[in-house]
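Values quoted throughout were computed directly from the atomic coordinates according to the rules given, and no laboratory measurement underlies them. As the structure is a computational prediction, the values presented were derived from the model and not from experiment. Please note: Cβ atoms are built from the backbone with ideal geometry, for glycine as well, and neighbour counts cover all protein chains shown.
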Amino acid sequence: MKIAVDFDGTCVDHKYPEVGMDVPLAVATLKDLIKAGHRIILYTMRSDQHLLDAINWFSQRGIDLHGVQVDPEQNEWTTSTKCHADIYIDDRNFGCPLIRIEGYARQCVNWKVVRETLLPMVSQSAPRTGPLPAFGLRLLRWPLSS
């Protein structure tokens, strides 16, 4: 599965243009997703040197990126500039679980909830490309109808 991940407020605290402190469990969760065979794409508003700072953050933590801003394989079948991914993890996504961490500029992604929800789903079998409808529903705490 291809997972697009934002940077500020998702992997690190909002300190743009600086790189903020790591959001708890972000690094461990991303490494575990890669270990399970999934690919991470950095998908951020950062550009130029600030984008390089974000790329270096991943490199310094031993997180191999499949792509930056775009899935490198999508050019084979589309000319769209939107990053193709199966899941997008971003503090600005509707339904993304957030947490307030003391000392951080504002709410960040709650990687504990992402980890508890996503890892069991993606680790049970080989990477998949199909939709994961229950993921968003559980994060939003919407009642599931039968």
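Protection proxy ranking, highest mean first, for peptides 49-56, 73-80: 49-56, 73-80, where packing is the per-residue count of other beta-carbon atoms within 10 Å, averaged. Scanning residues 5 or more positions from ASP71 or on other chains, those with amide H under 5 Å from its amide H are HIS84, with H placed 1.01 Å from N in the peptide plane. Its Kirkwood hydrodynamic radius, worked out from the mean inverse distance over all distinct Cα pairs, puts the range 2-133 at 15.1 Å.
Bridging of LYS112 to lysines at a Cα separation below 17 Å is possible for LYS31, once same-chain residues fewer than 8 apart are set aside. Charge tally around GLN69: other residues with Cβ under 15 Å, Lys/Arg +1 each, Asp/Glu -1 each, net -3. Computed over neighbours whose Cβ is under 12 Å from that of TRP111, the net charge equals -1, Lys and Arg +1, Asp and Glu -1. Packing, taken as the mean count of other beta carbons within 10 Å per residue, orders the peptides 91-97, 3-9, 101-107, 60-66 from highest to lowest as 3-9, 91-97, 60-66, 101-107. Net charge of the neighbourhood of ARG39, taken over other residues with C-beta under 11 Å away and scored Lys/Arg +1, Asp/Glu -1, is -3.
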